[in-house]
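The values are calculated or read from the model by the stated rules, or taken from the named source; none is laboratory data. The structure presented is a predicted model; accordingly, all values stated were derived computationally and were not measured. Positions of Cβ are backbone-derived with ideal geometry, glycine not excepted, and every protein chain shown enters the neighbour counts.
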Amino acid sequence: MLDTILAIKQQEIERLYLPEAAEVEHYSFADSLRNTPNKAGLIAEVKKASPSKGIIRDDFNHVMVGKQYNDAGVEAISVLTDQHFFQGHRDFLTDIKKFVQVPVMRKDFIIDPLQVEESKLMGADAILLIGEALEPKKLHELYLQAYESGLEVLVEVHSEAVLEGVLNEFTPEVLGINNRNLHTFETKLEQTERMAKQAPKESLLVSESGIFTYEDIEKVVDYGAQAVLVGESLMRQNNIKKAVKDLVNGVNV
Ligand SMILES: O=P(O)(O)OC[C@@H](O)[C@@H](O)c1c[nH]c2ccccc12
């Protein structure tokens, strides 16, 4: 699956044109996650659909979802901008930025310097870089380019081998363990448990995917995570603002 996504992404990059620079205020992604009053920092994701689940939310309005996340007090918002597989759009991020006062991360398959530049112009505060999609050297180059242009980065890995390759190259400021295997879609929170042991103390550790309840948050925090990235379980709720509060305060939805 990941290979298919990356092949299509490569074609998109060949046709990519840069947007005009969005004039927005910026907020620090890592600082916001570190300064949470809750058990873990929450990155809430604006996600309409995914290749493994199909449509996740029918009455989808990206600005409405972004505003509800903001009003519920999340530490950061992740916006899926991939169109082909996730039914996102780069304008979703630019639109949401106008209405929220928390850092916004662009969630896409970024493999080229042009996409880093594009993310900055869109108004993002942070981007995702995926270890499984990039050679460690290339990942580090894009990481440095991002920070030089004023973007922060969430470096995501799924497997021990890929994490080892990344750590041989550099230490990411924010490191995400994806509980979902992007080749098979199998998702288990124990992936965070296994991999947290290998994560550097200096990196802010994020557990991503498959988190549905406060108990799940407690679990991954016990494993060593300081923040969580949650999409589907929030996007399926009618009242998103209430769902966020219940998730972070321990009322199961
Ligand atoms: O919807 P979930 O299971 O809460 O997962 C959110 C997020 O972790 C997931 O969307 C994700 C993690 N890494 C990715 C890379 C590309 C696309 C999507 C993702």
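When the range 147-193 is filtered for residues that are acidic (Asp, Glu) and either under 19 Å from PRO136 (Cβ atoms) or under 16 Å from the mean Cα position of the chain (by Cα) (or both), the ones remaining, listed by number, are GLU148, GLU152, GLU156, GLU160, GLU164, GLU169, GLU173. Taken over the range 219-253, residues that are within 13 Å of the ligand (Cβ to nearest atom), of a type outside the set (D, E, K, R), closer than 26 Å to LEU163 by Cβ and assigned to a helix (DSSP H, G or I) amount to 2. If you check LYS47, LYS53 for being within 11 Å of the ligand (Cβ to nearest atom) and either within 25 Å of ALA21 (Cβ to Cβ) or at pLDDT below 95 (or both), only one passes: LYS53. Restricting the first member to the range 217-232 and to residues that are at positive phi, and the second to residues that are not charged (D, E, K, R), the beta-carbon pairs closer than 6 Å and six or more apart or on different chains are GLY224/ALA196; GLY224/LEU205. Scanning the range 200-218 for residues that are in contact with a helix residue (DSSP H, G or I) (Cβ under 9 Å, 6 or more places away or on another chain), away from the ligand (no atom under 14 Å from the Cβ) and assigned to a helix (DSSP H, G or I) returns a single hit, TYR214.
For ILE43, the requirement of being of a type outside the set (Phe, Trp, Tyr), in contact (Cβ under 8 Å) with a residue 60 or more places away in the chain and within 27 Å of GLU218 (Cα to Cα) is met. In the range 13-47, the residue that is farthest from LEU151 (Cα to Cα) out of those that are part of a helix (DSSP H, G or I) and among the basic types (Lys, Arg) is ARG15. Scanning the range 94-113 for residues that are within 14 Å of the ligand (Cβ to nearest atom), surrounded by 22 or more Cβ atoms within 10 Å (Cβ to Cβ) and not in a strand (DSSP E or B) gives ASP108, PHE109, ILE110.
Within the range 180-199, the only residue that satisfies the criterion of being outside any loop (DSSP other than H, G, I, E, B), surrounded by fewer than 17 Cβ atoms within 10 Å (Cβ to Cβ), within 16 Å of the ligand (Cβ to nearest atom) and not β-branched (Val, Ile, Thr) is GLU190. Report yes if VAL174 is within 14 Å of the ligand (Cβ to nearest atom) and touching a Pro at 6+ places or on another chain (Cβ under 9 Å), otherwise no. Against the criterion (within 14 Å of the ligand (Cβ to nearest atom) and touching a Pro at 6+ places or on another chain (Cβ under 9 Å)), VAL174 does not qualify.
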